[in-house]
Amino acid sequence: MQELSIRSKMAAFFVFMLMMAFSVWAKQQEAEKFSVQQTAGNIQTEELPKRIALTFDDGPHPVYTKQLLDGLRERGVQATFFVVGENIPGHEDLIERMYRDGHLIGNHTYDHSDLSRMSSEQACEELTKTSNLVQDITGRGTSYVRPPFGNWNDDLDCRLTMISVKWTIDPLDWTTQNKSQVVQKVVSRAEDNDIILLHDYYKSSVEAALEIVDILEEQEFEFVTVEELLLE
């Protein structure tokens, strides 16, 4: 009889310990569930930065491109430069600096020609000459092309990697020296994933570009190269 009593007490103790363990496990599961829900809520409510690409055509210019590079370096901003091949000789240092500062160097043909008015052979020569000049300086050719006037032939095969890049915001900065007008046209239209078209061949455009950076960064835009914008 005494042995039965001991067994009953042991069984009761075992059941009690089992219930306590289950209670602890249940509380742990509830805590983990709350943690996952809270993390998911934070992920859903966290806003991703608005990304935008600043691009420049027609350079390098011996004076204004340097001023632009100085301003971008000071702000820690990377841009994309679509260079014209005939402007490179004598200004190789500017191409080297673009590359060293983390900017993307693209191709804007050798002499700003309308590729749609050329044979495939002529168009390829325009692009290849510029790509080779950039590669001689940086060790890397140009994979991105900004076709002059936006005229591009998707069937063009020059045995180069060529991704055509257009734009979404064009303030026509080359038609005016009014810096404020250019700035207003850009910042009033800027949205996530936009590509801004400017030219580093004009003083007013360079000054406008740096002011645009300052304004849009205050609006929590993140400046990236077109490669980052298109491929990531």
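The values are calculated or read from the model by the stated rules, or taken from the named source; none is laboratory data. None of the values given here were measured: they were computed from a predicted structure. Cβ sites come from the backbone with ideal geometry, for glycine too, and all protein chains shown count toward neighbours. In case anyone asks, the SASA skips ligands and DNA or RNA and just uses the protein heavy atoms, side chains included. Shrake-Rupley method; radii C 1.70, N 1.55, O 1.52, S 1.80 Å.
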Phi to ³J(HN,Hα) by Karplus 6.51 cos²θ - 1.76 cosθ + 1.60 over region 87-98, Hz, x for Gly, Pro: 8, 7, x, x, 10, 4, 4, 6, 5, 4, 5, 3
Based on the mean of other Cβ atoms within 10 Å per residue, sort peptides 212-219, 178-185 so the most packed one is first. 178-185, 212-219
If you take the square roots of the eigenvalues of the alpha-carbon gyration tensor of region 170-232 and sort them as a ≥ b ≥ c, do you get rounded (a/c under 1.5), prolate (a/b over b/c) or oblate? prolate
List every residue whose amide H lies under 5 Å from the amide H of GLY106, counting only residues 5 or more places away in sequence or on a different chain, with H placed 1.01 Å from N in the peptide plane. PHE81, PHE82, VAL83
Specify the inter-centroid distance of region 197-222 and region 105-124, based on alpha-carbon positions, in whole Å. 27 Å
In nm, what is the difference between 0.36 nm times the number of residues separating ASP192 and GLU96 and their Cα-Cα distance? 31.6 nm
With charges only on Cβ, +1 for K and R and -1 for D and E, what is the dipole size of region 53-188 about its Cα centre, in debye, rounded to 20? 540 debye
Distance in nm between label sites at LYS203 and ASP170, each 7 Å beyond Cα in the beta-carbon direction? 2.7 nm
How would you order 93-100, 152-159, 136-143 from highest to lowest mean count of nearby Cβ atoms within 10 Å? 93-100, 136-143, 152-159
Kindly sort SER120, SER204 by accessible area of their heavy atoms, largest first, with the probe set to 1.4 Å. SER120, SER204
For region 138-146, Karplus couplings with θ = phi - 60° (6.51, -1.76, 1.60), whole Hz, Gly/Pro x: 9, x, 9, x, 9, 9, 10, 10, 10
Would you mind getting the accessible area per residue of region 79-232, heavy atoms of the protein chains only, 1.4 Å probe, in Å²? 50 Å²
By the mean-Cβ-within-10 Å protection proxy, highest first, 50-59, 81-90 rank as 50-59, 81-90
With a ≥ b ≥ c from the Cα gyration tensor eigenvalues, square-rooted, and the rule rounded for a/c under 1.5, otherwise prolate when a/b > b/c and oblate otherwise, region 98-221 is prolate
From phi via Karplus (6.51, -1.76, 1.60), per-residue ³J(HN,Hα) for region 123-135 in Hz, x at Gly/Pro: 4, 5, 5, 4, 6, 5, 4, 5, 4, 5, 4, 5, 5
Measure off 7 Å from each Cα along the Cα-to-Cβ vector at ARG51 and GLU121, then give the distance between these two points in nanometres to one decimal. 4.1 nm
What is the magnitude of the charge dipole of region 142-209 about its Cα centre, with +1 placed on the Cβ of each Lys and Arg, -1 on the Cβ of each Asp and Glu, and no other charges, expressed in debye to the nearest 20? 240 debye
Amide H to amide H under 5 Å from HIS199: which residues, 5+ apart in sequence or cross-chain, H placed 1.01 Å off N in plane? ASP57
Sorted by chain and number, the residues with a modelled amide H under 5 Å from that of ILE88, at a separation of 5 or more or across chains, are none
